[in-house]
1. Between Asp119 and Asn190, how high is the FRET efficiency from 1/(1 + (r/R0)^6) when r is the Cβ-Cβ distance and R₀ = 51 Å? Nearest 0.05.
2. Is the shape of the range 12-60 rounded, prolate or oblate, going by the alpha carbon gyration tensor and its root eigenvalues a ≥ b ≥ c, with a/c under 1.5 for rounded and a/b larger than b/c for prolate?
3. So how do 193-203, 248-258 stack up, highest first, on mean other-Cβ count within 10 Å?
4. Multiply the residue gap between Lys48 and Gln255 by 0.36 nm, knock off their C-alpha separation, and tell me the result in nm, one decimal place.
5. Leaving out ligands, DNA and RNA but keeping every protein chain, what accessible area does Lys211 have, in Å² rounded to the nearest 10, with a 1.4 Å probe?
6. Quantify, in whole percent, the carbon and sulfur part of the accessible surface of the range 198-280 (1.4 Å probe; protein heavy atoms only).
7. Please state the shape class of the range 221-280: rounded when a/c is under 1.5, otherwise prolate if a/b exceeds b/c and oblate if not, all from the C-alpha gyration tensor.
8. Under 20 °C and 1.002 mPa s, how fast does the range 29-151 diffuse according to Stokes-Einstein, given a Kirkwood radius computed over C-alpha pairs? Answer in µm²/s, whole number.
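The values are calculated or read from the model by the stated rules, or taken from the named source; none is laboratory data. Quick caveat, the model's predicted, so the values are computed rather than measured. Virtual Cβ from ideal backbone geometry, glycine too; neighbours counted across all protein chains shown. What goes into the accessible areas is simple: the full protein's heavy atoms, side chains included, and nothing from ligands, DNA or RNA. Shrake-Rupley method; radii C 1.70, N 1.55, O 1.52, S 1.80 Å.
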Amino acid sequence: MRAHGNPDVQRRRKGQQALYVYGFTRAGAVERVSVPGVSGAADVRALKLGNLAAIYSPLSMEEFLGPEGADHTQDLEWVAPRAVMHERVLEEVMQSSPVLPVSFGAIFSSPRALSEVVDAHRQEISSFLDDIADKEEWAVKVYANAQRLRAHLERAPEFRQRLQHLPENPGARYFHEKKLQRELDVRSRNEGQSLAVHIREELAPGALSVKPLRLADRGLSGRQDDMVLNSAFLVRAGQVRRFTQRVQQLAARYQPQGLTVEATGPWPPYSFCPSLEERP
């Protein structure tokens, strides 16, 4: 749901107030939110829309589009701190109520415009809030250290035997050593991906649903190791402790092979909520 691009919002940008929306809950479920909104002010409110409520902040369109209409949401340095504020609002709301989260940047020109969208999706929102009430989204990431994976493979009986039976002729020995090293490189990459799939399959029975997420490269993740798994797991609230304990067990099992297994959460359930984009 990214409403800030519609013509009505564009016409009203200069000096006009709009509504920045974080997500939806049941009417009356959230009375106040203590953390600041995307503007940095303690202005997060709940707007009752029948049996539902929108969690929102009032703001001027110039804050997002600028006085000349430049879209600040294309500037990552501008977006980053506000996206963090967006998430903090949702995380606080989650402490007291199920929430259907809305992606960063959803802006509506008026309560009426917001109400029209909610009316078009009221049944989807209500059904989701009912369904998510006793569930949590957890993210599991697996990182693979190529050098440690390679060293683990080198210690395997298969490769140790092959190293011990290299040709005696120097030229042939050099050729076979290079071939074996290339094979180890390929095997170590494949091994990391294969073990990641195995970890996901081991965790899946403890979740109601699993959604694959995009893998981040090293520049984005800030890690030296390669991300080989990034998945969201929908877990019943009463099973979270068992689920996270299982993650810890797998982390201990695969750490000697060069894998790091991490679980974080609970997160706003983006991965499992319905799309509220406008229908054609």
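1. Approximately 0.50, to the nearest 0.05.
2. oblate
3. Top of the packing list down: 193-203, 248-258.
4. 69.6 nm
5. Approximately 80 Å² for this residue.
6. So the carbon and sulfur contribution to the accessible surface is 49 percent.
7. Oblate is the answer for the range 221-280, as a/c is 1.5 or above yet b/c matches or exceeds a/b.
8. Answer from the Stokes-Einstein relation: 128 µm²/s.
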